[in-house]
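The values are calculated or read from the model by the stated rules, or taken from the named source; none is laboratory data. Everything numeric in this text was worked out from a predicted model, so none of it was measured. Neighbour counts are summed over all protein chains in view; Cβ atoms, including those assigned to glycine, are modelled from backbone coordinates with ideal geometry. Areas reflect the complete protein model, heavy atoms only, side chains present, ligands, DNA and RNA absent. Shrake-Rupley method; radii C 1.70, N 1.55, O 1.52, S 1.80 Å.
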Amino acid sequence: MTAPIDTTGTAAEAQPEAVLSGVDKAQIEGRSLGQIAWTRFKKDRVAVAGGVIVVLLVLIAALSRPIQALFGLDPNALNQDLIDPNTSLPLGGFGGMSLDHPLGVEPKFGRDIATRILEGSWVSLVVAFGATILSNTIGTILGVVAGYYGGRVDTIISRLMDTFLAFPLLLFAIAISATLQGGAFGLEGLPLHIGVLIFVIGFFNWPYLGRIVRGQTLALREREFVDASRGMGARGPYILFRELLPNLVGPIIVYSTLLIPTNILFEASLSFLGVGIQPPQASWGGMLNQAVSYYQVDPQYMIVPGLAIFITVLAFNLLGDGLRDALDPRSR
């Protein structure tokens, strides 16, 4: 004969195994995919360093005009008293470096290099981010449409991608930029130059992301959640924008961080060739163009904008590599 079981207190106090506390008395909780990716990303110190530099660069670029106004800086102010009239070179060593001009001054004009680097930062980042947004918008929409619908739609969009990829982009960009220098679309001067660069760089770079999105969509459209949406009566546009696109955010973000430095280099190349941002507006590529005539006698003038481009591109690349590993550990 078995003894009676006391169920008055123990049953009420018992808790499910799923909410048991760990050794540190903290409740066990699940983590989202974003939290898991952030944990992986924090472990990559090189990527974190790149991310910190990127944040600082973006802040500097966004606040460049307020900083100039606060400290009374003028990127186009001439300082002829700092230039040797016989050689047109800055007085003093290291390109005229001093407390007032920590990065030196330009040959011939005497403009402060640090202020012009600060002014050129927002130009480069505006063009790079604008072109990236344009490329991502076109590439994402056409890529997801081609991958989901397939058939004739996929064939047409894929051939369109091949056509754009066959363009000699640099030569085409030089031709368009040079043609529209005077004025177009009711714009002129700096707004026109920035708008043309964003259009040229962004419009002809979308097929790269388009192919990535198309490939990811081909795999996602056969997943169970897409079949469930179809079974519940969801139509194509709903599945595209509410089911597929949220699952493509990771690859799009990673590609964007790798495309931005490419666009920075592209803008600098066009400005270096004289068909991008026009003087006297400061730009890193334009400063390198002007430094070509002085690099043997005043290397400081070429080193500073070159380092600005190098550090910016490297920081974005390190951040992009870290995000790729964090969002897709299989890529390691």
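Go through the residues of region 113-127 one by one and say whether even a single one is open to solvent by 40 Å² or more (accessible area, probe 1.4 Å) and within 30 Å of Gly210 (Cβ to Cβ). Yes: one or more hits. Taking the listed residues Val200, Val123, the one that is among the β-branched types (Val, Ile, Thr) and modelled with pLDDT under 90 is Val200, with no other qualifying.
When region 69-108 is filtered for residues that are open to solvent by 80 Å² or more (accessible area, probe 1.4 Å) and closer than 21 Å to Gln296 by Cβ, the ones remaining, listed by number, are Pro85, Asn86, Leu91, Phe94, Met97, Lys108. A single entry from Ile194, Ile201 fulfils the requirement of being surrounded by 13 or more Cβ atoms within 10 Å (Cβ to Cβ), touching a Phe, Trp or Tyr at 6+ places or on another chain (Cβ under 9 Å) and part of a helix (DSSP H, G or I): Ile201. Can you name every one of the helices (runs of 4 or more DSSP H) wholly within region 218-318 that holds 2 or more residues which are exposed (fewer than 13 other Cβ atoms within 10 Å of the Cβ)? In region 218-318, the matching helices (runs of 4 or more DSSP H) lie at 224-231.
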